[in-house]
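The values are calculated or read from the model by the stated rules, or taken from the named source; none is laboratory data. Remember, predicted model here, so these are calculated numbers, not experimental data. Every residue, glycine as well, gets a Cβ built from its backbone with ideal geometry; the counts of neighbours run over all protein chains shown.
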Amino acid sequence: MTRLNGPLLPHRWSILCIMGPRGLTALALTTDEFNSFADFGRARLESGSQDLTLDDLVVEWESLHNRDQIKAALCEGLADADTGRHRPAADVISELRAKHGLPPR
């Protein structure tokens with residue numbers, strides 16, 4: 001794991017670069033987010049999760065870290081559907097196929 005501070009980001013930001021089996025993962029993190037990720041990784045390793053890769057830790061941490069935003073987006077979508085602000089996917093796909101000159105299915 002390599003932590004880089006660069007002139008392109010304010011000093012309170014860090015770029016965490018991780019080379020894992022799926023390639024390079026780079027995260028732009030605030031200092032608090034970096035510390036949160038480090039604490040999360042240490043806790044996961046201390047709990048006996050030795051088989052996790054850094055890529056796995058990043059995915060798991062991001063999903064937990066973004067849970068509130070994901071929940072809000074889902075609630076917004078459900079509220080739209082409940083109030084009739086939606087269109088059937090088949091209609092949208094048909095319109096897009098026609099718009100781009102693709103044959104109907």
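For segment 50-70, check the following and say yes or no: at least one residue is at pLDDT 85 or above and over 25 Å from Ile15 (Cα atoms). No; the residues of segment 50-70 include none that is at pLDDT 85 or above and over 25 Å from Ile15 (Cα atoms).
Within segment 27-86, the set of residues being among the acidic types (Asp, Glu) and under 21 Å from the mean Cα position of the chain (by Cα) comprises Asp32, Glu33, Asp39, Asp55, Asp56, Glu60, Glu62, Asp68, Glu76.
In segment 79-102, the condition of being at pLDDT below 85, farther than 25 Å from Leu24 by Cβ and exposed (fewer than 11 other Cβ atoms within 10 Å of the Cβ) is met by no residue.
Is it true that some residue in segment 4-23 is at pLDDT 85 or above, surrounded by 11 or more Cβ atoms within 10 Å (Cβ to Cβ) and of a type outside the set (Asp, Glu)? No, because not a single residue in segment 4-23 is at pLDDT 85 or above, surrounded by 11 or more Cβ atoms within 10 Å (Cβ to Cβ) and of a type outside the set (Asp, Glu).
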